[in-house]
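Just so it is clear, none of the values below were taken in a lab; they were calculated from the coordinates. The model shown is predicted, which means the values in this text are computed figures rather than measured ones. As a convention, Cβ positions derive from the backbone with ideal geometry for all residues, glycine included, and neighbour counts pool all protein chains shown.
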């Protein structure tokens, strides 16, 4: 009797293509996420009974390019909501993110960076690495638009301290070391410019 043919065993176990996750999509963060919310469904707030209408008016002003009005409305809403809900209520923080974006659009990058850094610190202390990193990205975007090298250095020091702290832990900041290195390189260039001003 002829022996049954042995099955051909592949040298390397094939991996089904469906199991290949492919490149991981980078989530939208920072001002891009705020812009998407404003231009899309609108900023989502938990306390919709209190905040949906005023936040809708702010978003409408942003869409119409009326940043002065949007900034004024945002400041008023933040003040009132902070008193009724608390300064660190998630909705108040969301409206402050919107205020930072408005400041950036309105040509106030210093203010946008300051608000974003403050928010990043709040989220970092609360242990929310994703939200903190989103605010760090907003702060970095605004920081790049600051023209005064001395002001840029001051904001940059604060930004890099917080960013380095976030990158040392687990979370999205640790997964994108190249962005932190790029910010460090910018700090070196700013320091050089500041030295040239003093010289």
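List of remarks:
- The Cα center of the stretch 49-99 and the Cα center of the stretch 123-190 differ in position by 25 Å.
- Based on DSSP H segments of at least four residues, each scored -39500 (n - 2.57), the chain has a per-residue ellipticity at 222 nm of -23000 deg cm²/dmol.
- For the chain, the longest principal axis of the Cα atoms and the long axis of helix 177-198 meet at an angle of about 40 degrees.
- The simple Förster model, with R0 at 41 Å and r as the Cβ-Cβ distance, assigns residue 41 and residue 194 a FRET efficiency of 0.45.
- Cα gyration tensor category, rounded, prolate or oblate, for the chain with a/c compared to 1.5: oblate
- Helix 149-168 vs. the chain, principal-axis angle (Cα, 0 to 90°, nearest 10): 40 degrees
- Estimated distance in nm for a label pair at residue 53 and residue 118, the labels positioned 7 Å out from Cα along Cα-to-Cβ: 2.7 nm
- Sites residue 174 and residue 154, calculated FRET efficiency, Cβ-Cβ separation with R0 22 Å, nearest 0.05: 0.30
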